[in-house]
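The values are calculated or read from the model by the stated rules, or taken from the named source; none is laboratory data. For clarity, every value in this text was computed on a predicted model and none was experimentally measured. Every residue, glycine as well, gets a Cβ built from its backbone with ideal geometry; the counts of neighbours run over all protein chains shown. Side chains are part of the model used for accessible areas, which takes the heavy atoms of the whole protein and leaves out ligands, DNA and RNA. Shrake-Rupley method; radii C 1.70, N 1.55, O 1.52, S 1.80 Å.
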Amino acid sequence: MNELIIELTEINPREFFGLQNSNIQILKKYFPKLKIIARGSKIKVYGDEELLEEFDKRFNMLLEHFGKYNKLDENAIERVLTSDDSTDYTTSAKSGEVLVHGVGGKIIKAQTPNQRRLVELMEVNDMVFAIGPAGTGKTYTGVALAIKALKNKQVKRIILTRPAVEAGENLGFLPGDLKEKLDPYMQPLYDGLRDMIPAEKLDSFIEKGIIQIAPMAFMRGRTLDNAFVILDEAQNTTHAQMKMFLTRMGKNAKFLITGDPGQIDLPRRVISGLKEALLVLKDVKGIGMVYLDDKDVIRHRLVRKVIAAYKEIENQN
């Protein structure tokens, strides 16, 4: 009797095998002549060589499906196991609108006209500036685009960075090493990633350097090839930092710069590198710019009202 051993990597076996191995039970129904045993992160299959080859092919299709949608249920398994080789079982009528399928199969897509404009600009430009107030989905949409590019093998890595400007707080007094001090500051970037990539795979990507999250100072001297790079909170860059970052762009790279000129935490009399870049680069071909506003806010409905109230006060001053 022949044996096939498959080990799951970067996947939570409980999610893939299903509650009480329910997905394995479905596999057994479709392959009744094979002995299938799932334990830990391994699955062992015994039977005739021809059947094992078919099982291996179908199992890899299931892995591909799970990698794309982060979800596996009875309907998906049946579609995969009964499809012919030419069937694209992962597509749907509205697949073009979906950026990625997040954890648990959560559908993530652009939700407002300006977010859709951001997606369109990233498709035709290698560098895009996304400007707007808090809650407009600039960073979240950008992270989704980066993960989509990684999954589609358009890039080999994702780099997420922020200028380490202390927004009214002193990071120096926090305990721990540099990474432990900076991780809370980078939390919004981690939040987006955790929504879209299962924990095991995300940890693996970070460990391997496929996804890098670092303060802007770590960008100096690097050439960023084959990467989707997001500079978040760019309003807090100086002239020198912004120029340094923009000139890191290497071959086959996508740069997304997001920021809110209304929330600058730089010392007084220091010019925001973002504001300057928007003026200097506004007529450069190949660079896209999209401006989001309070109509794009997708957080709690009160956020939109808060932004409007502050805008009214600022306009009076």
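Values as computed for the structure displayed
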| read-out | value |
| --- | --- |
| Within the chain, percent of DSSP bridges classed antiparallel, to nearest 5 | 35 |
| Nonlocal amide H pairs with PHE129, under 5 Å, H built at 1.01 Å | ILE257, GLY288, MET289, VAL290 |
| Candidate lysines for bridging to LYS44, where Cα separation is under 17 Å - those fewer than 8 sequence places away on the same chain excluded | LYS28, LYS29, LYS33, LYS35, LYS57 |
| The stretch 1-154, Rg to Rh (Cα coordinates; Rh as Kirkwood inverse mean 1/r) | 1.08 |
| Of all accessible heavy-atom area on the chain, the percent that carbon and sulfur account for (1.4 Å) | 51 |
| Projected area averaged over orientations for the stretch 182-317, convex hull of C-alpha atoms, nm² | 10.6 |
| Correct choice for Rg/Rh (Cα atoms, Kirkwood Rh) that was computed from the model, options (i) 0.94; (ii) 1.05; (iii) 1.33 | (ii) |
| Listed pairs LYS68/LYS208; LYS106/LYS311; LYS68/LYS295; LYS138/LYS275; LYS42/LYS71 exceeding 26 Å between Cα atoms | LYS106/LYS311; LYS68/LYS295 |
| Principal axis dimensions, the stretch 217-289 - Cα atoms, whole angstrom, descending | 36, 28, 16 |
| Span-rule helices in the chain, defined as complete DSSP H runs reaching 18 Å or more along the axis (Cα) with Kyte mean at least -0.5 | 138-151, 301-316 |
| Helix-only CD estimate at 222 nm, as mean residue ellipticity for the chain, using -39500 (n - 2.57) per DSSP H run (n ≥ 4) | -12000 deg cm²/dmol |
| Of LYS156/LYS243; LYS156/LYS305; LYS109/LYS153, pairs whose Cα-Cα distance is over 31 Å | LYS156/LYS305 |
| Accessible area in square angstrom per residue, the chain, 1.4 angstrom probe | 56 |
| Distant-in-sequence amide H partners of ALA227 (H built 1.01 Å from N, under 5 Å) | LYS156, ALA253, LYS254 |
| Under 14 Å from the GLU276 label point (7 Å along Cα→beta-carbon), backbone N, the stretch 235-262 | 235-247 |
| Anisotropy class of the stretch 251-317 from Cα gyration tensor, a/c 1.5 cut | oblate |
| Stokes-Einstein D for the stretch 1-57, Kirkwood Rh over Cα pairs, 37 °C, 0.692 mPa s (µm²/s) | 284 |
| Where labels lie 7 Å past Cα in the beta-carbon direction, separation of ARG14 and LYS109 in nm | 3.1 |
| Amide proton proximity set for LYS109, modelled H, under 5 Å, gap of 5+ | LEU99 |
| Spacing of the two label points (7 Å from each Cα toward its C-beta) at ASP203 and ASP293, in nm | 4.6 |
